[in-house]
Amino acid sequence: MTTIRYFAYGSNMLSARLRARCPSARLIGPAQITGHQLSFSKRSQDGSGKATLAPAAGSEISTLGVMFEINRGDMTALDAAEERGTGYNRLDQFAVHCLTRKENLHHTTYIACNPVAGLKPYDWYLALVIAGAQENKLSEAYIKDLLETPRAPDPQPDRPGRRAALKALNEAGYADEMDVLTGEKAQR
């Protein structure tokens, strides 16, 4: 089966989260892009901020993420999860620097269609992003920056999105979002 290389920089960095959407996902390794910065300016249907890549004012700005290989058949599910065309635009030739292979490769990724300034991620969503960064051993400085990201508690704690996030965090060895956000407990 044909595969697609995919660059994850938000909640899909956590393999349990991505595999719930794309069972074929196989880790390639950590990656970096320049000229873009992580921003939580994609307005979710629940009103919170989700991760996107925003153009940065200089080429010295970079964002870390994780590269995966996914069967082409799983892309329909990923497109649906990312609300392709309304929530995120899919870019199929996005230049990414693979840190393990030490080469630039083109990958598929998603960038918000209409970013909105001033949004905050819900605590459970930010925990997915941080857990993914920890799982893939991204730099301590990057993880520290993520831990310092302003966040909001979800006013609907029984929200299906939060339940799915907690399931992925549990599969990754965390009790709940606070297990990640306190920064005191790494993966078990």
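The values are calculated or read from the model by the stated rules, or taken from the named source; none is laboratory data. What you see is a predicted model, and the numbers here were worked out from it, not measured in a lab. As a convention, Cβ positions derive from the backbone with ideal geometry for all residues, glycine included, and neighbour counts pool all protein chains shown. To get the accessible areas, we keep the full protein, side chains included, count just its heavy atoms, and leave off ligands, DNA and RNA. Shrake-Rupley method; radii C 1.70, N 1.55, O 1.52, S 1.80 Å.
Centre-to-centre separation between the Cα atoms of segment 37-51 and those of segment 153-178: 17 Å.
Counting only Cβ charges, +1 for Lys and Arg and -1 for Asp and Glu, the dipole size of the chain around its Cα centre is about 340 debye. Scan [x] 18.9, 70; [y] 15.2, 43; [z] 20.1, 81 for the value of Rg and Dmax of the Cα atoms in Å calculated from this model and give just the label. Answer by label: [y].
Given a cut-off of under 8 Å on Cα pairs at least six residues apart, what relative contact order in percent is computed for the chain?
26
Does segment 68-160 classify as rounded, prolate or oblate by the C-alpha gyration tensor (a ≥ b ≥ c root eigenvalues; a/c under 1.5 gives rounded; else a/b over b/c gives prolate, otherwise oblate)?
Oblate.
Please identify the trypsin sites (Lys or Arg not before Pro) of segment 85-176 that satisfy two criteria: DSSP loop assignment and at most 12 other Cβ atoms within 10 Å. Which are they?
Working: sites: Arg90, Arg101, Lys102, Lys137, Lys144, Arg151, Arg162, Arg163, Lys167; in loops: Arg101, Lys102, Lys137, Arg151.
Of the trypsin sites (Lys or Arg not before Pro), the ones in loops of segment 85-176 whose Cβ has at most 12 other Cβ atoms within 10 Å are Arg101, Lys102, Lys137.
Each residue, Glu103 and Ser62, gets one label point 7 Å from its Cα in the Cβ direction; the gap between the two is 1.8 nm. Estimated at 0.36 nm per residue, the fully extended path between Leu27 and Ala95 surpasses their Cα-Cα distance by 22.7 nm. Each residue, Lys144 and Gln156, gets one label point 7 Å from its Cα in the Cβ direction; the gap between the two is 3.8 nm.
Ignoring ligands, DNA and RNA, please state the percent of accessible area on the chain from carbon and sulfur, probe 1.4 Å. It is 49 percent, rounded to a whole number. Among the GluC sites (Glu not before Pro) in segment 85-188, those placed in a DSSP loop whose Cβ has at most 13 other Cβ atoms within 10 Å are Glu148, Glu184.
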